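Asker: A single structure is presented below for examination.
The values are calculated or read from the model by the stated rules, or taken from the named source; none is laboratory data. Note that the coordinates shown come from a computational prediction; the quantities given were computed from them, not determined experimentally. Cβ sites come from the backbone with ideal geometry, for glycine too, and all protein chains shown count toward neighbours.
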Amino acid sequence: MKKQQFSYTLEDLAQRLGARLVGDPNVRVSGLSTLVDAAPGDIAFLANRAYLKYLADSQATAVLLHESHLDECKSHALVLDNPYLAYAELSRLFDPTAQAPQASVHPSAVVDETATLGANVEIGPQVVVGPGVSIGDGSRLQAGCVIGADSVLGEGCLLHPNVTLYHGVVIGARAVLHSGCVIGADGFGFAHDGKGWHKIAQLGGVMIGDDVEVGSCTSIDRGALGDTIIGNDVKIDSQVQIAHNVQIGDHSALAGCVGIAGSTKVGRYCLMGGGVGLAGHLEICDGVQVTGMSLVTNSITKPGVYSSGTGAMDNGLWRRNAVRFKQLDQLARRLNQVEKDLKDR
Amino acid sequence: MKKQQFSYTLEDLAQRLGARLVGDPNVRVSGLSTLVDAAPGDIAFLANRAYLKYLADSQATAVLLHESHLDECKSHALVLDNPYLAYAELSRLFDPTAQAPQASVHPSAVVDETATLGANVEIGPQVVVGPGVSIGDGSRLQAGCVIGADSVLGEGCLLHPNVTLYHGVVIGARAVLHSGCVIGADGFGFAHDGKGWHKIAQLGGVMIGDDVEVGSCTSIDRGALGDTIIGNDVKIDSQVQIAHNVQIGDHSALAGCVGIAGSTKVGRYCLMGGGVGLAGHLEICDGVQVTGMSLVTNSITKPGVYSSGTGAMDNGLWRRNAVRFKQLDQLARRLNQVEKDLKDR
Amino acid sequence: MKKQQFSYTLEDLAQRLGARLVGDPNVRVSGLSTLVDAAPGDIAFLANRAYLKYLADSQATAVLLHESHLDECKSHALVLDNPYLAYAELSRLFDPTAQAPQASVHPSAVVDETATLGANVEIGPQVVVGPGVSIGDGSRLQAGCVIGADSVLGEGCLLHPNVTLYHGVVIGARAVLHSGCVIGADGFGFAHDGKGWHKIAQLGGVMIGDDVEVGSCTSIDRGALGDTIIGNDVKIDSQVQIAHNVQIGDHSALAGCVGIAGSTKVGRYCLMGGGVGLAGHLEICDGVQVTGMSLVTNSITKPGVYSSGTGAMDNGLWRRNAVRFKQLDQLARRLNQVEKDLKDR
């Protein structure tokens, strides 16, 4: 995409980031890059020891880094305790999409007359806003979004194109919802009569706190009775499935392709790796990390790191081992017998 | 969302559900809730023994339950053999979205002049209906849905916002399709010439029976030659992938994140847990249940419950065990040798 | 869907496919089918020995096959070295959706005045094209697609309904993008300050080569700094998640439900089976195949086939074995001890 014209003095950046400047305060940078890709005029950052080897040869005009790496830095430096955190802040200073919203409703949008739009709300082309909807100040709904009846969006939300909210979805301030995500679809609830399925109407809603991000093509289902609840500052990646009546505690993060079955409660400050599956009706306490593609079928009551599965190996070796897995209980019993035989002699 | 005004006498509900009323027939309830969350004026239900402990203290005005729990119920009671099934029926009596459809085409919708709309069809804002499409009586297409050429929808279907059907998709009566689902996209078919891929045009369609529900962001691909076929009363959750020429038998249910590869046939009354993967070209007989995140690489000819994988454990323990998995065949061979040595002595 | 009227003489087809015709050059076929489903008037193909048993009884008027099966063929035959490849070519001759695009912009579409449309570009109903977008000759954007600012589409692309491209996405010639896919959403990047998350603006883009296909409801995220890069002739199925700064080499194929974490590089001519997960920051060399639902947590430097996990088995047996997996390291240590004891005697 076209590069926006940014230009900051190092003095200005040092002030904004709360960094100690080692270098010329009047030098300007106009781009943000990695150490490797940086060209003169860019600022880069060193936040991971693995990239230290690229520091000396970087073309960056300035580098964000920790005190401990200052000696090896040949460019201007912005010194901080947490360069990665500062990089996050810096990245937003170079974001060409960050613009103050201005009140506008595109003529192709269909906004119900009973909907309430706050100040400086932007409604993009082909958007549909249903009856009774309330949208907070400065929120932006990009092209093709559909907001169901009586849903509520807080202030400063950003809905990328083609987001769908069903009726009765309540979202706090500063949400970022990515394209194709669907919030408030029916939970998967059916009763069986021995012959077939009978739908259970999903009468609850979805309650989402402040500062939540939801990735593209992610599903968050509405509750059966009572709400599905997502806390504050929860970050959810793409292709995630959150079933009815799940609860996610504040500050937790779910990576791509995670699936959480109905009524499971995840605590605060939890991290779910890509593709993790949580069975239904579990309780996961605060501070739990589950590594990628693990299956959790029991509640977890102790903070820590949890895993399941096995890593990939050569297919021939895997075939032999996977066959043995089917015999594993037998192998263990035979080992018991061998130990007994040895002892008996 | 705003609570709709519902109000039923217990006598009325007992009649509708075929329940025996133990209590005052003239008492009214205006909400449906769980035992725990119920307030006076609500009806609740007890369908799972695990919740029996909440019965005595529930504030519910009336409770749906089985005869065997009647003694412990302090409120009015509706007694039934299958309270969960009755709850399903009851839930639909409290569904604020259940309204009789009324013939309407939103002015922003684009409906091809060769499309045929039945009686009382509702076409929402920004909908696109292609040439030759046929939509049955009382079907509702909510905002942003796109229906490809020559597709057919039966009576009483409900398409939530932003559903996409490609051309030549045939769906029976009373389908419920959730937002973001895509039905009829090309199956994943390519021939390799040793250098690169050559697309195989996907010339089949998708045939879906009556009373099917499809979750949000789910994909059901069209057939390569011949159709992908979904039977009657099949329930499909969110984030599911159904590849070309798959067949799913009547009354089967697929939980979230299931993936089924090409040409696999799943029987009737099957249950696939969340995240289950079925390889291609398999046959799964009727009455098979596969537990969450299992991988099925061979056909299954006997009804029953099937599983694979391992459950999550502490990461340190898991690392040690996962390393041993790579040695498993060697361990088994060594055990064989030990047994032989012992026998030879 | 309605069958289109196709009719080809066998002579014509033999010429187009470079096949040797064994039969009557003037005979016509009007449909393409499998050996089993073929009716008189159809052409079928035999590309897999497993279907040889259906050759003798097929009703097909003509069959594409390899020389080695000619003796068993009772119909007219088109003889080729690679019948599957020829079937791919043939399928496109029977594709009712293959039509030359004609310049048109639907009146309901919203196309920014600064967008550039090539010759014979088709813009469907409710489409939104942002400022600075460039769309190559003969590309088709079907209903409801949204193209973000400054994105570039090459010649002859086909975007099925409800595709979303964010800003700054660059796609080569002849891309086929299926409904619900989202290209260019933010990568999942946040810095933690010990209390909560701080968003890292995703400043990179997405670069996609020529001849790429992307399945329905698939996500390809934009880079954090620098681009996410998809090579030429890469085929991506439905429900796939490709995280920020991933690179996929030319001619690789990813089956449904694959998830690839950030910054991982996949080589050329790789095949990822359904549901495969690749951890972040890996390098997978050219020519690697990973079987379905495997987890890859380390880089792979040698071409070959890789696998993880275990196949499904009866649930009772599985429970016993899965418990033993948790003891596997202990079992191995006990086996070591037994061997030592035996040796010491």
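Every residue, every condition in (1) at pLDDT 95 or above; (2) outside any loop (DSSP other than H, G, I, E, B); (3) touching a Leu at 6+ places or on another chain (Cβ under 7 Å), yes or no:
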| position | (1), (2), (3) |
| --- | --- |
| B:I220 | yes, yes, no |
| B:G223 | yes, no, no |
| B:G226 | no, no, no |
| B:I229 | yes, yes, no |
| B:N232 | yes, no, no |
| B:D250 | yes, no, no |
| B:G256 | yes, no, no |
| B:G275 | yes, no, no |
| B:G280 | yes, no, no |
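Asker: Within segment B:162-185, is there a residue that is surrounded by 22 or more Cβ atoms within 10 Å (Cβ to Cβ), touching a Lys or Arg at 6+ places or on another chain (Cβ under 6 Å) and either closer than 17 Å to B:I230 by Cα or more than 8 Å from every other protein chain (Cβ to nearest Cβ) (or both)?
Answerer: Within segment B:162-185 (the criterion being surrounded by 22 or more Cβ atoms within 10 Å (Cβ to Cβ), touching a Lys or Arg at 6+ places or on another chain (Cβ under 6 Å) and either closer than 17 Å to B:I230 by Cα or more than 8 Å from every other protein chain (Cβ to nearest Cβ) (or both)), the answer is yes, since at least one residue qualifies.
Asker: Right, next: How many residues are under 28 Å from A:I220 (Cβ atoms), in a loop (DSSP other than H, G, I, E, B), touching a Lys or Arg at 6+ places or on another chain (Cβ under 9 Å) and not charged (D, E, K, R) when one looks only at segment B:203-218?
Answerer: So the answer is 2.
Asker: Could you please let me know if A:L342 is more than 15 Å from B:N336 (Cβ to Cβ), of a type outside the set (D, E, K, R) and outside any loop (DSSP other than H, G, I, E, B)?
Answerer: yes
Asker: Within segment B:141-159, can you find the residues that are within 13 Å of another protein chain (Cβ to nearest Cβ) and either within 15 Å of C:C217 (Cβ to Cβ) or out of contact with any His (no Cβ under 7 Å at 6 or more places or on another chain) (or both)?
Answerer: Across segment B:141-159, the qualifying residues are B:L141, B:A143, B:G144, B:C145, B:V146, B:I147, B:V152, B:G156, B:L158, B:L159.
Asker: Just for segment A:237-247: of the residues that are within 14 Å of chain C (Cβ to nearest Cβ) and in a loop (DSSP other than H, G, I, E, B), which one is farthest from B:A255 (Cα to Cα)?
Answerer: A:D237
Asker: What pairs can you find where one residue is in segment A:174-193 and free of Cβ contacts under 8 Å to residues at least 24 places away in the same chain and over 14 Å from B:L177 (Cα atoms), the other is crowded, with 24+ Cβ neighbours inside 10 Å and not basic (K, R), and their Cβ atoms are less than 7 Å apart, with a gap of 6+ or different chains?
Answerer: Note: pairs meeting the criteria are A:F190/A:I200; A:A191/A:I200; A:A191/B:Y87.
Asker: Test C:V338 against the criterion of being free of Cβ contacts under 8 Å to residues at least 24 places away in the same chain, facing chain B (nearest Cβ under 9 Å) and in contact with a helix residue (DSSP H, G or I) (Cβ under 6 Å, 6 or more places away or on another chain), and give yes or no.
Answerer: yes
Asker: Residues in segment C:197-211 that are under 21 Å from the mean Cα position of the chain (by Cα) and buried (at least 24 other Cβ atoms within 10 Å of the Cβ): how many?
Answerer: Of the residues in segment C:197-211, 2 are under 21 Å from the mean Cα position of the chain (by Cα) and buried (at least 24 other Cβ atoms within 10 Å of the Cβ).
Asker: If I ask for residues that are charged (D, E, K, R) and surrounded by fewer than 19 Cβ atoms within 10 Å (Cβ to Cβ), which ones from segment A:95-139 would you list?
Answerer: Correct list: A:D95, A:D112, A:E113, A:D137.
Asker: Considering every residue within segment C:55-65, establish whether at least one is crowded, with 18+ Cβ neighbours inside 10 Å, under 25 Å from the mean Cα position of the chain (by Cα) and free of Cβ contacts under 8 Å to residues at least 40 places away in the same chain.
Answerer: No, there is no match, as no residue in segment C:55-65 is crowded, with 18+ Cβ neighbours inside 10 Å, under 25 Å from the mean Cα position of the chain (by Cα) and free of Cβ contacts under 8 Å to residues at least 40 places away in the same chain.
Asker: Which of the residues belonging to segment A:70-104 are closer than 11 Å to A:F45 by Cα and not in a loop (DSSP other than H, G, I, E, B)?
Answerer: Those that are closer than 11 Å to A:F45 by Cα and not in a loop (DSSP other than H, G, I, E, B): A:A77, A:L78, A:V79, A:P83, A:Y84, A:L85, A:A86, A:Y87, A:A88, A:L90, A:S91.
Quick grid of which residues meet (1) touching a helix residue (DSSP H, G or I) at 6+ places or on another chain (Cβ under 9 Å); (2) within 20 Å of A:S294 (Cβ to Cβ); (3) facing another protein chain (nearest Cβ under 9 Å):
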{"position": "C:V214", "(1), (2), (3)": "no, no, no"}
{"position": "C:A224", "(1), (2), (3)": "yes, no, yes"}
{"position": "C:K235", "(1), (2), (3)": "no, no, yes"}
{"position": "C:G249", "(1), (2), (3)": "no, no, no"}
{"position": "C:G256", "(1), (2), (3)": "no, no, yes"}
{"position": "C:G259", "(1), (2), (3)": "no, yes, yes"}
{"position": "C:R268", "(1), (2), (3)": "no, no, no"}
{"position": "C:G275", "(1), (2), (3)": "no, yes, yes"}
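Asker: Every residue in segment B:282-294 that is part of a strand (DSSP E or B) and either at pLDDT below 95 or under 16 Å from A:A261 (Cβ atoms) (or both), please.
Answerer: B:Q289, B:V290, listed by residue number.
Asker: Do we find a residue being among the aliphatic types (A, V, I, L, M), in contact with a strand residue (DSSP E or B) (Cβ under 6 Å, 6 or more places away or on another chain) and closer than 21 Å to A:S294 by Cα anywhere in segment B:318-338?
Answerer: Within segment B:318-338 (the criterion being among the aliphatic types (A, V, I, L, M), in contact with a strand residue (DSSP E or B) (Cβ under 6 Å, 6 or more places away or on another chain) and closer than 21 Å to A:S294 by Cα), the answer is no, since none of the residues qualifies.
Asker: Next up: Could you say whether any residue in segment A:305-313 is among the aliphatic types (A, V, I, L, M), out of contact with any helix residue (DSSP H, G or I) (no Cβ under 8 Å at 6 or more places or on another chain) and within 27 Å of C:F188 (Cβ to Cβ)?
Answerer: no
Asker: Determine whether B:V79 is under 22 Å from B:G144 (Cβ atoms), touching a strand residue (DSSP E or B) at 6+ places or on another chain (Cβ under 7 Å) and either of a type outside the set (G, A, S) or without any contact (Cβ under 8 Å) to a residue 24 or more places away in the chain (or both).
Answerer: When the stated conditions are applied, B:V79 does not pass them.
Asker: Yes or no: segment A:287-307 includes at least one residue that is among the hydrophobic types (A, V, I, L, M, F, W, C), more than 7 Å from every other protein chain (Cβ to nearest Cβ) and either without any contact (Cβ under 8 Å) to a residue 60 or more places away in the chain or crowded, with 22+ Cβ neighbours inside 10 Å (or both).
Answerer: Yes, there is a match, as at least one residue in segment A:287-307 is among the hydrophobic types (A, V, I, L, M, F, W, C), more than 7 Å from every other protein chain (Cβ to nearest Cβ) and either without any contact (Cβ under 8 Å) to a residue 60 or more places away in the chain or crowded, with 22+ Cβ neighbours inside 10 Å (or both).
Asker: Find all pairs meeting these conditions: Cβ atoms under 7 angstrom apart; at least six residues apart or on different chains; first residue within segment A:89-108 and more than 7 Å from chain C (Cβ to nearest Cβ); second residue of a type in the set (F, W, Y) and outside any loop (DSSP other than H, G, I, E, B).
Answerer: Partner pairs satisfying both residue conditions: A:L93/A:Y8.
Asker: For residues that are part of a loop (DSSP other than H, G, I, E, B), crowded, with 16+ Cβ neighbours inside 10 Å and more than 9 Å from every other protein chain (Cβ to nearest Cβ), scanning just segment A:31-49, find the one that is farthest from the chain's Cα centre (by Cα).
Answerer: That would be A:G41.
Asker: Pull up segment A:190-212, narrow it to residues that are of a type in the set (A, V, I, L, M) and touching a Leu at 6+ places or on another chain (Cβ under 7 Å), then point me to the one that is nearest to the other protein chains (Cβ to nearest Cβ).
Answerer: A:A191
Let's see how each residue does on (1) within 24 Å of B:V234 (Cα to Cα); (2) in contact with a helix residue (DSSP H, G or I) (Cβ under 6 Å, 6 or more places away or on another chain); (3) not assigned by TED's automatic domain parsing to the domain that holds B:G226:
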| position | (1), (2), (3) |
| --- | --- |
| B:R174 | yes, no, no |
| B:G180 | yes, no, no |
| B:G184 | yes, no, no |
| B:G187 | yes, no, no |
| B:F190 | no, no, no |
| B:H198 | no, yes, no |
| B:A201 | no, yes, no |
| B:G204 | yes, no, no |
| B:D210 | yes, no, no |
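Asker: Looking at B:L342, B:L317, which is the one that is at pLDDT below 90 and either in the same structural domain as B:F188 (by TED's automatic domain parsing) or over 27 Å from A:W197 (Cα atoms) (or both)?
Answerer: Every option except B:L342 fails the conditions.
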